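J.: Following this message is one structure expressed as structure tokens.
The values are calculated or read from the model by the stated rules, or taken from the named source; none is laboratory data. None of the values given here were measured: they were computed from a predicted structure. Every residue, glycine among them, receives a Cβ derived from its backbone with ideal geometry; neighbour counts consider all protein chains shown. Side chains are part of the model used for accessible areas, which takes the heavy atoms of the whole protein and leaves out ligands, DNA and RNA. Shrake-Rupley method; radii C 1.70, N 1.55, O 1.52, S 1.80 Å.
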Amino acid sequence: MQVKVFQQGMLSTNCVVISHENSCVIVDCAYISKDIEYYVTHNNLKVVAILLTHGHFDHCGGVNHLLQSCNCQDVDIYCNDKDIDMCFQAASNPWGIPSENCVVTKSLQEGRLHLGPFVFDVISTPGHTAGSCVLLIDNYMLAGDTLFCRSVGRTDFPESNVLDMNISLRKLASLDKDYTVIPGHGQITTLLEEKKFNNYLLQALR
Ligand SMILES: [Zn+2]
Ligand SMILES: [Zn+2]
């Protein structure tokens, strides 16, 4: 399995292509994600599904463009039900950052998700948004905007909830295994390091 991270869009979203042989799953896709599109087509990868960690425009606003340029319009787009409306309105984000509306076709829910050769464990982590999810695959944690390197996602949006965020952070901290954490923005880290040095996470555990 190969994991490739691309920083995309005006907010430098970490968008991830996970591939195995000729198949891939794409996690989050900011507008416009030409590097991903080039990588997918150049390596002849068949897109099995697109997963969204949450519904913010900087994570889903490039999906529509990607579908067209990779010629994979029939692929399912997964997001948690609670964030679907946000995806559909990605183009009208309050910052006016270029994005396209994204039509989610499948509900991303807590539990195991088999997609072609890939097996994800989905953890529901509301807080940053009501539908935020963290995805685990092998030794990787795709943390969306829930957990960052030495920081955590914003909870000052109307769609956020601080109490939920604390519960979600506790959930992540309770995982025994260590993971390479690929956050929605910024530097890659490990869960073990964050459990030791992330003051926001430590505060949520108190
Ligand atoms: Zn976000
Ligand atoms: Zn974000």
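J.: Take the conditions over 24 Å from residue 188 (Cα atoms), in contact (Cβ under 8 Å) with a residue 40 or more places away in the chain and assigned to a strand (DSSP E or B) and apply them to residue 25. Does it pass?
T.: In short, no.
J.: If we scan region 50-61, do we find a residue that is more than 16 Å from ligand 1 (Cβ to nearest atom) and buried (at least 18 other Cβ atoms within 10 Å of the Cβ)?
T.: The answer is yes; a qualifying residue exists.
J.: Could you grab me the full set of residues in region 2-35 that are at positive phi and away from ligand 2 (no atom under 16 Å from the Cβ)?
T.: 21
J.: Within the group 129, 125, 146, which residue is of a type in the set (Val, Ile, Thr), within 13 Å of ligand 2 (Cβ to nearest atom) and touching a Ser or Thr at 6+ places or on another chain (Cβ under 6 Å)?
T.: Sole residue among the options that is of a type in the set (Val, Ile, Thr), within 13 Å of ligand 2 (Cβ to nearest atom) and touching a Ser or Thr at 6+ places or on another chain (Cβ under 6 Å): 146.
J.: Quick one: in region 170-184, which of the residues that are assigned to a strand (DSSP E or B) and open to solvent by less than 40 Å² (accessible area, probe 1.4 Å) is farthest from ligand 2 (Cβ to nearest atom)?
T.: 181
J.: Please work out which one of (1) surrounded by 15 or more Cβ atoms within 10 Å (Cβ to Cβ); (2) outside any strand (DSSP E or B) is the condition residue 113 fails and give its number.
T.: Of (1) surrounded by 15 or more Cβ atoms within 10 Å (Cβ to Cβ); (2) outside any strand (DSSP E or B), only one is false for residue 113: (2).
J.: In region 80-89, is there at least one residue being open to solvent by less than 40 Å² (accessible area, probe 1.4 Å) and away from ligand 1 (no atom under 15 Å from the Cβ)?
T.: No, every residue in region 80-89 fails to be open to solvent by less than 40 Å² (accessible area, probe 1.4 Å) and away from ligand 1 (no atom under 15 Å from the Cβ).
J.: State yes or no: is residue 46 touching a Ser or Thr at 6+ places or on another chain (Cβ under 7 Å) and more than 16 Å from ligand 1 (Cβ to nearest atom)?
T.: Yes; evaluated as a whole, the condition is true for this residue.
J.: Being farther than 21 Å from residue 3 by Cα and either buried (at least 19 other Cβ atoms within 10 Å of the Cβ) or among the hydrophobic types (A, V, I, L, M, F, W, C) (or both) narrows it down to one residue among 161, 166; which is it?
T.: Every option except 166 fails the conditions.
J.: Which residues, counting only those in region 28-62, are assigned to a loop (DSSP other than H, G, I, E, B) and of a type in the set (S, T, N, Q)?
T.: Within region 28-62, 33, 43, 44, 53 meet the criteria.
Residues are listed down the side, and each one gets a yes or a no for (1) under 18 Å from the mean Cα position of the chain (by Cα); (2) on the phi < 0 side of the Ramachandran plot; (3) free of Cβ contacts under 8 Å to residues at least 60 places away in the same chain:
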{"residue": "151", "(1), (2), (3)": "yes, yes, yes"}
{"residue": "155", "(1), (2), (3)": "yes, yes, yes"}
{"residue": "162", "(1), (2), (3)": "no, yes, yes"}
{"residue": "170", "(1), (2), (3)": "no, yes, yes"}
{"residue": "174", "(1), (2), (3)": "no, yes, yes"}
{"residue": "181", "(1), (2), (3)": "yes, yes, yes"}
{"residue": "184", "(1), (2), (3)": "yes, yes, no"}
{"residue": "188", "(1), (2), (3)": "yes, yes, no"}
